[in-house]
Amino acid sequence: MSLVPPQFDFISNVYLTVYVHHSSSYIADPQSIATIHPALAHVGPATVGGMKNVLVLSVPKMEWSRVSGDVLALLRAQADVEKVDVLDAPKTRAKRGGEL
């Protein structure tokens, strides 16, 4: 398991956070959850902000519109999955002070 946070490429991918039960087998083997659909990939690390029960997965953006319904339904149907969220790309902030 890597301790380096993943670098997100929101241009190429859609990212999902998957909250699993604290005793889920996905915590010990986080890559196994990505096997439920061929478009899914485990991004890692296994922990997000110190929360061991939150996994990060990605789907190629080019496939997302076609597979999003299936991917979300399959993830939510897993017994150990408590919640699935689609991450929004970070918004760029305009610098202040240039208008003076």
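Ordered by 1.4 Å accessible area with all protein chains kept, I11, I27 run largest first as I11, I27. Express in % the proportion of alpha carbon pairs of the chain at distances exceeding 23 Å. That fraction is 28 percent. Per-residue Karplus couplings for region 16-21, computed as 6.51 cos²θ - 1.76 cosθ + 1.60 with θ equal to phi - 60°, are listed in order as 10, 9, 10, 8, 10, 4 Hz, Gly and Pro entered as x. Around the amide H of V43, modelled in the peptide plane, lie the amide H atoms of V56, L57, S58, all under 5 Å away and 5 or more residues distant in sequence or on another chain. Which residue, V67, Q78, F8, has the largest displacement toward the positive end of the dipole of the chain when charges sit on each Cβ (Lys, Arg +1; Asp, Glu -1)? So the residue furthest toward the plus end is F8. Near N53, no amide H atom lies under 5 Å from its own; only residues 5 or more places off or on other chains count, and H is placed 1.01 Å from N. Once you've got the GNM for the chain with C-alpha springs shorter than 10 Å, pick whichever of L55, L74, L40 has the biggest mean-square fluctuation. Checking each option, the largest mean-square fluctuation is seen for L74.
Here the dipole of the chain is about 360 debye; that uses its Cα centre as origin and unit charges on the Cβ of Lys and Arg (positive) and Asp and Glu (negative).
Across region 27-44, rounded Karplus estimates of 3J(HN,Hα) from the backbone phi angles (6.51 cos²θ - 1.76 cosθ + 1.60, θ = phi - 60°) give 5, 6, 9, x, 5, 5, 5, 6, 7, 6, 8, x, 7, 7, 9, 7, 8, x Hz, Gly and Pro being marked x. For the set R66, R96, R76, the ranking by accessible area, highest first and with no ligand, DNA or RNA atoms included, is R96, R66, R76 under a 1.4 Å probe.
Taking the C-alpha atoms only, the angle from helix 61-77 to the longest principal axis of the chain is near 40 degrees.
By accessible area, using a 1.4 Å probe on protein heavy atoms only, the chain has 55% of its surface on carbon and sulfur.
Heavy-atom accessible area, probed at 1.4 angstrom with all protein chains present, ranks T92, T35, T17 as T92, T35, T17, highest first.
The values are calculated or read from the model by the stated rules, or taken from the named source; none is laboratory data. Everything quoted here is computed from the prediction, not taken from an experiment. Positions of Cβ are backbone-derived with ideal geometry, glycine not excepted, and every protein chain shown enters the neighbour counts. To get the accessible areas, we keep the full protein, side chains included, count just its heavy atoms, and leave off ligands, DNA and RNA. Shrake-Rupley method; radii C 1.70, N 1.55, O 1.52, S 1.80 Å.
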